[in-house]
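Q: Attaching a single structure in structure tokens format; questions to follow.
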Amino acid sequence: MTCARLRTTRRCCLAALVLLALSGTLSTGAAPAESTEPSEWTIEQARRCWKPMTRAVQHVGVPGYQFQTGVTWDGALVFGPLEFYDFKVIRDEMAPLGKHLLHVSFGFGDVLRLVDRQGTLHPGIRRSLEQGRLPIPSVETRDGELEWRETVFAHLLDRPMQPWPEPRPGDVLLTHAVFRVRNAGLARRTGHLWMHFGDTKKVLFGYKCRQLPEIAEPIAFRFDPPYGRLEDGIRFALPTPQKGVLNVHPEVKGVEGVKGPAKNVVEWAVPLAPGEKAELRLMIPFGVVDEKTAERIVAVDSQKALDEVRRYWDDLQRDTPGQIRTPDPFINDYLAALPGQIAQQVAYREHTTQVWMYKTSPNLYEKYWPVSGAKSLPVFDLRGMEWLNRRLLQSSIDMRTDEVGGLNRADMGSGQVLEGEGYAKQPGFLGDYRGWTANPLLLSHGLNLCALAAHYRITRDDAWLRSGHPSPLDVMIEAFDWIAQQRRRTMREVNGRRVDHWGLLPAASAHDWLAGNTIFNDAYCVVAQADVVRLLREIGHPRAEEMAREMNAYRQCLRDRYAEARDRARPLPLDDGTTIPYVPRVIQELDWAKPDWTYTGYSAVRAGAWGAFDPHDELVDQALAFLEAGLPRGEGHYFAKAAKSDNADVNLTDVSDPAASRHYLWRHYVEYETMWPVGAPLFLARDDLPRFFEWFAHNFAFAIHQDFRVGAESIDGVPACAPGDTERWLAVRNMFVREYGGYDGSAQSLWLLQAIPREWLKPGDRLNASRIRTCFGGQVDVNLGVADDGGSVTIDAVLGKMAIRPKEIRMRLRSGDGSPLVSATLQGTAVPVQRGDAILLPAGTEGPIKVVGRFD
């Protein structure tokens, strides 16, 4: 299938949306008939539409230890944090590490050559993870007939990996970089590994990842084998290799792949006969250490340590809840890699606030965006890591406050006070983590509240819910009431007329430069209140119905205010001279040319994706039509520098040209800030499979570094930026098992196999999702097998005992070739086929079931 063909399909879909937008006609919400679906995107087809990202960064660490070592696309090692030293808490946490900042670059060859410092996908370098899924990266570099392999891993010195070593004072994170070289040629060769130990001023993990063309200034070390010594202690160790010699070069000129001479370089020169191998170990603690600690470091057996680290990460992802296997090995590895990727990003800040956080990203965003962490926390529970999540949730409870910091200020809470009502000093705000908070956000409050409610609904742990002073239940009610009281401040009139944002929360910060009465803020607070109401109804709490009325009044206010704003806003002109409505992202921002590429630029679609609006509400239809229509020529070509870009931004060249016919905020539903993808929850909530599969194929083809199995904030930008990877894992989980409905706080239903791609349903294919935890309190196992002739599917499933019965259980049975479902049996008895190739299971279904579906 070509990109051109699917662009034609896009125009057909857009035409339908435009009709909805013009007419105000609401969708019925029924599942679309399979016969009307266009052909589906596959991941392989999507890959052909993109120039891949080139600057992958993998981190290595230990859950709870607050810093991680970065491994770049060319194998360089980075010990940060790299920015935000103006935050006192970061300086205080770094202080015990000494002069630890370090950027280690590696070169090869008779002449020092850095093969791909700029990140261009040089064919002489290959990257991988251990088993394709464990956070143990390897970088293979070809130097003529010499094959080099660098393997990097980390552990805590003198502490076993199992059982999990909870952080304690004085822990030392030890990073090993083990280099193995093999002479694959027929003649004797001498291998040269060059090691440059520089400062961190020439490496960026910021909005774009880069290693600058110039070599860094060397740290002031003296190599006293086996130690690299600084004035205040030992920074690294190079145990004497069994073969070859270590040489120190005060200066190396004529280097290749980087500008300037390299100073204070350590070289390993190793002669190799044909087929011969050799090994060198580089051991770097995260911080400067004393002599006795250094002696313990060099005594570590790297191979035994690697074996232990490998077992730990393998056990963490194996035989735990949330196992999903598909016919696509890449998808399987990516999903299995998630527990290790996110667990090592959990930090305990021991020297300042003693707070736990799922960091926004290692080495760069060491300050905290609680919103990004909170969005990810339910996935910790779904993947069986509630032992970590309990600590993270307790910190959100401990950090609650009656202070809102700079919530009502522009520019990340540090600018001018926003016009409006401001916020009352009232207990229960969950969006400020004391000195760590990068930007105090209502989003953080709402999503921390969602995370607390989800933890109980997944685990059904009543002891946790009601223990502590205050208990999690008390905190959820307090946080709910905080929203209710603050929004009453806007229930006022000016000159006898209600203010435009009547009944919403007062103006607040929304992202780096956006602030005001934003749909992004209010929508997530509505969803949080709905989650709390549902929980209270499930446990029979006496305030449940009172709070349900409050939540639904807020939800209606949100819809009414944005419908009014739409009616005031400037309509969007189309190429044929007609216009469609524009639904603003901010009540007062009525010009469609204002939204930008950030994740706040998607207006009502986010409200529909999570249920603050019904997913089929006309405001969602109209916002989606706006995004699909794009902006007129010369308006909003945000990525004007893309054509000259040295990274994957070149994918946006066609829509960034000021002469392009239209300009878009996304491409194939890949957002520029890829870590807050709206397409998956939106299109699943709307049961819009064509758009969902386009989102799925392109996001998994492009928005993930394929080799290190990790996402980024923006294209070729901040690595491992929350909540991106948890959002993508959740999208796949929801394709198999998804809770839906109950947007007003009422009971939810259960979808099974809602969105299985046809490319996974070829004759003989097997899929399974096992121990899938649900918000009903039970687990689901689903095994799907396609007949050898492709004419039928058999599903063997087990629905575990659930604390709360789903309102409805629906299962979709798709074919691999698009043939419609003509018949189905449940436990051998025929059941009616619903529209959209679905069947209904009895709401009380429990235990093993067998379903067989046959296609035309």
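Q: Note down the net charge around Pro658, summing +1 for each Lys or Arg and -1 for each Asp or Glu among other residues with Cβ under 11 Å from its Cβ.
A: That sum, taken over residues with Cβ under 11 Å, equals -1.
Q: Would you please name the chymotrypsin sites (Phe, Trp or Tyr not before Pro) within the stretch 80-132 that are DSSP coil residues with at most 16 other C-beta atoms within 10 Å of their C-beta?
A: Those satisfying the criteria are Phe84, Tyr85.
Q: Helix hunt in the chain: which complete DSSP H runs extend at least 24 Å axially by C-alpha with mean Kyte-Doolittle at least 1.0?
A: 3-23
Q: Next question, about the same structure. May I ask you to list the lysines whose Cα is less than 28 Å away from that of Lys253, ignoring any residue fewer than eight positions away on the same chain?
A: Straight-distance partners of Lys253: Lys99, Lys201, Lys202, Lys243, Lys263.
Q: Shifting gears a bit: Please give the peptides 202-208, 678-684, 441-447, 467-473 ranked by average Cβ packing (other Cβ atoms within 10 Å per residue), highest first, as a rough proxy for protection.
A: Packing proxy ranking, top to bottom: 441-447, 678-684, 202-208, 467-473.
Q: DSSP loop trypsin sites (Lys or Arg not before Pro) in the stretch 636-708 with at most 16 other Cβ atoms within 10 Å of their Cβ, which ones?
A: Lys641
Q: Can you give the Rg/Rh ratio of the stretch 631-775, where Rg is from the C-alpha atoms and Rh is the Kirkwood radius?
A: Taking Rg over the Kirkwood Rh, I get 1.03.
Q: Moving on to the next point. If you take every residue apart from Leu112 with its C-beta less than 13 Å away from the C-beta of Leu112, what net charge results, scoring Lys and Arg +1 and Asp and Glu -1?
A: Local net charge: 0.
Q: Quick one: pull the percent of accessible area on the chain belonging to carbon and sulfur, 1.4 Å probe, ligands and nucleic acids left out.
A: So the carbon and sulfur contribution to the accessible surface is 50 percent.
Q: Okay, moving on. Take Asp567, project a point 7 Å from its Cα along the Cβ direction, then tell me which residues of the stretch 581-608 have their backbone nitrogen under 13 Å from it.
A: Label zone hits: none.
Q: What number in nm² do you get for the stretch 334-493 if you take the convex hull of its Cα atoms and divide its surface by four?
A: So the mean shadow area of the Cα hull is 10.5 nm².
Q: How big is the shadow of the Cα convex hull of the stretch 523-636, averaged over all directions, in nm²?
A: Projected over every direction and averaged, the Cα hull of the stretch 523-636 covers 7.5 nm².
Q: While we're here: How much length, in nm to one decimal, is gained on full extension between Thr579 and Val298, taken as 0.36 nm per residue of separation minus their Cα-Cα distance?
A: Taking Thr579 through Val298 to full extension adds about 94.1 nm, to one decimal.
Q: Which distance in nm do the two modelled labels at Glu251 and Asp646 give, with both placed 7 Å along the Cα-to-Cβ direction?
A: Spacing of the two 7 Å Cα→Cβ label points: 2.5 nm.
Q: Separate question: What does the net charge come to around Glu403 if you take all other residues with beta carbon closer than 11 Å to its beta carbon, with K and R at +1 and D and E at -1?
A: +1
Q: Continuing with the same structure: Determine which aspartates and glutamates satisfy two conditions relative to Lys850: a Cα distance under 15 Å, and not lying fewer than 8 residues away in the same chain.
A: Answer for Lys850, where 15 Å is the Cα cut-off: Asp781, Asp796, listed by chain and number.
Q: Given the stretch 275-399, what count of lysine pairs have C-alpha atoms under 22 Å apart, with each pair 8 or more places apart or on different chains?
A: Value for the stretch 275-399: 5.
Q: Still on this structure: Among the aspartates and glutamates, which fall within straight-line cross-link reach of Lys259, defined as a Cα-Cα distance under 14 Å, with same-chain neighbours fewer than 8 residues apart omitted?
A: Asp116, Glu214, Glu217, Glu251
Q: Could you list the residues of the stretch 65-98 with an amide nitrogen less than 12 Å from a label point located 7 Å from the Cα of Ser414 in the Cα-to-C-beta direction?
A: 84-88
Q: Want the number for Asp560 to Leu840: 0.36 nm per residue separation, take away the alpha-carbon distance, what's left?
A: Full-extension gain reported as 97.3 nm.
Q: Expected output is a single nm value to one decimal: the length gained when fully extending between Lys594 and Gln485, i.e. 0.36 nm times separation in residues minus the C-alpha distance. What is it?
A: 36.2 nm
Q: Say each of Arg159 and Gln426 gets a label point 7 Å from the Cα, pointing the same way as Cα to Cβ; how far apart are those two points in nm?
A: 4.1 nm
Q: Additional query: Over the residues of the stretch 123-268, compute the C-alpha Rg and express it relative to 2.2 N^0.38 Å.
A: Compactness ratio reported: 1.19.
Q: What share of all Cα pairs of the stretch 315-361, in percent, falls into each consecutive 10 Å distance bin?
A: 23, 39, 24, 12, 2
Q: Looking at the stretch 399-483, which GluC sites (Glu not before Pro) are in a loop (DSSP not H, G, I, E or B) and have at most 15 other Cβ atoms within 10 Å?
A: Glu403, Glu419
Q: Can you give the FRET efficiency for Asp817 and Arg667, using 1/(1 + (r/R0)^6), R0 = 30 Å, r = Cβ-Cβ distance, to the nearest 0.05?
A: Efficiency, from the Cβ-Cβ distance: 0.60.
Q: At 10 °C and 1.306 mPa s, what whole-number value in µm²/s does Stokes-Einstein give for the translational diffusion of the stretch 72-170, with Rh from the Kirkwood sum over Cα pairs?
A: 97 µm²/s
Q: If you don't mind, another one. Tell me, what is the Rg over Rh of the stretch 771-856, with Rh the Kirkwood radius over Cα pairs?
A: So for the stretch 771-856, dividing Rg by the Kirkwood Rh gives 0.98.
Q: Using the 2.2 N^0.38 Å rule of thumb for compact globular proteins, work out how the stretch 166-211 stacks up: its C-alpha Rg over that value, please.
A: 1.93
Q: Step by step: find N for the stretch 706-813, compute 2.2 N^0.38 Å, then divide the Cα radius of gyration by it. What's the final number?
A: Compactness ratio reported: 1.27.
Q: Sticking with this one: When the Kirkwood hydrodynamic radius is evaluated over all pairs of different C-alpha atoms of the chain, what value in angstrom, to one decimal, is obtained?
A: One over the average 1/r among Cα pairs gives 28.4 Å for the chain.
Q: What base-10 log of the normalised intensity I(q)/I(0) is obtained for the stretch 672-723 from the Debye formula, alpha carbons as equal point scatterers, at q = 0.16, 0.25, 0.27 Å⁻¹?
A: -0.46, -0.92, -1.00
Q: OK, next. If you project the alpha carbons of the stretch 260-386 onto their three principal axes, what span does each projection cover, largest first, in Å?
A: 52, 46, 36
The values are calculated or read from the model by the stated rules, or taken from the named source; none is laboratory data. Owing to the predicted nature of the structure, the values given are computational and were not obtained by experimental measurement. Quick reminder, even Gly has a Cβ in these numbers, built from the backbone with ideal geometry, and neighbours come from all protein chains shown. Surface areas here come from the heavy atoms of the whole protein model, side chains and all, with no ligands, DNA or RNA. Shrake-Rupley method; radii C 1.70, N 1.55, O 1.52, S 1.80 Å.
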